[in-house]
Amino acid sequence: MSTIPRIGAMGICAGAGYTANAAIQDRRIKAIGTVSAVNIGSIFRNGWENNVKSIDALPYVEAGSNARTSDISSGEYAIMPLAPMKESDAPNEELRQAWEYYHTPRAQYPTAPGYATLRSLNQIITMMLTIWRKCT
């Protein structure tokens, strides 16, 4: 990809946040497109309603670190749901829609189960999308 002068990236939902984060970090990405963008780092740090202090997310960082050790020693990856597993678990309409999207035939797909590895918590918690750059 280093020979390509212009790279664009596209992301949907949390993937849009990852796409923006990639563009912040990788100067080769010159343009991004997003659909229903979610800043998942902020949500994990500060809660869906933005009513949690960032410092309160430190146990998630520790859980992610512990999962790395556990994954290596057990040979299996611990996973966590990114959307409620049951409709009744959704605390608000947005997360009910996430449940519907990931866990019903409407959009369910075997390679997109709505899970992440627990070890990903470190990257999710520390992802900051508040640093924007001008794409030239």
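In table form, for the structure just shown:
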read-out: Test: residue in region 95-104 that is in contact with a Phe, Trp or Tyr (Cβ under 8 Å, 6 or more places away or on another chain) and farther than 23 Å from Gly11 by Cα; value: no
read-out: Some residue of region 35-55 being touching a strand residue (DSSP E or B) at 6+ places or on another chain (Cβ under 8 Å) and either small (Gly, Ala, Ser) or surrounded by 15 or more Cβ atoms within 10 Å (Cβ to Cβ) (or both); value: yes
read-out: Check on Arg45, within 17 Å of the chain's Cα centre (by Cα), under 16 Å from Thr126 (Cβ atoms), among the basic types (Lys, Arg) and in a helix (DSSP H, G or I); value: yes
read-out: Residues located in region 1-27, provided they are surrounded by fewer than 14 Cβ atoms within 10 Å (Cβ to Cβ) and not β-branched (Val, Ile, Thr); value: Met1, Ser2, Pro5, Arg6, Gly8, Met10, Gln25, Asp26, Arg27
read-out: Residue pairs meeting the criteria (Cβ under 6 Å; at least 6 apart or on separate chains; first closer than 25 Å to Asn92 by Cα, in region 19-48; second polar (S, T, N, Q) and assigned to a helix (DSSP H, G or I)); value: Arg45/Ser54
read-out: Filtered residue count, region 49-85, keeping only those that are among the hydrophobic types (A, V, I, L, M, F, W, C) and part of a helix (DSSP H, G or I); value: 7
read-out: Single residue of Ala23, Ala78, Ala37, Ala31 found to be under 22 Å from Arg119 (Cα atoms) and either within 19 Å of the chain's Cα centre (by Cα) or of a type in the set (Gly, Ala, Ser) (or both); value: Ala78
read-out: Flag if Met80 is within 30 Å of Arg27 (Cβ to Cβ), in contact with a helix residue (DSSP H, G or I) (Cβ under 6 Å, 6 or more places away or on another chain) and either at pLDDT 90 or above or surrounded by 10 or more Cβ atoms within 10 Å (Cβ to Cβ) (or both); value: no
read-out: In region 12-36, residue modelled with the lowest pLDDT [restricted to those that are part of a loop (DSSP other than H, G, I, E, B) and in contact with a Ser or Thr (Cβ under 8 Å, 6 or more places away or on another chain)]; value: Cys13
read-out: Inter-residue pairs, beta-carbon under 7 Å, first under 14 Å from Tyr101 (Cα atoms) and in region 4-17, second in a strand (DSSP E or B), 6+ apart; value: Ile12/Val35
read-out: Some residue of region 88-99 being in contact (Cβ under 8 Å) with a residue 24 or more places away in the chain and aromatic (Phe, Trp, Tyr); value: no
read-out: Filter result for Tyr115 (without any contact (Cβ under 8 Å) to a residue 40 or more places away in the chain and closer than 22 Å to Ala22 by Cβ); value: yes
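The values are calculated or read from the model by the stated rules, or taken from the named source; none is laboratory data. Fair warning: this is a prediction, and the values are worked out from it, not measured in the lab. Glycine also receives a Cβ, built like all others from the backbone with ideal geometry; neighbour counts cover every protein chain displayed.
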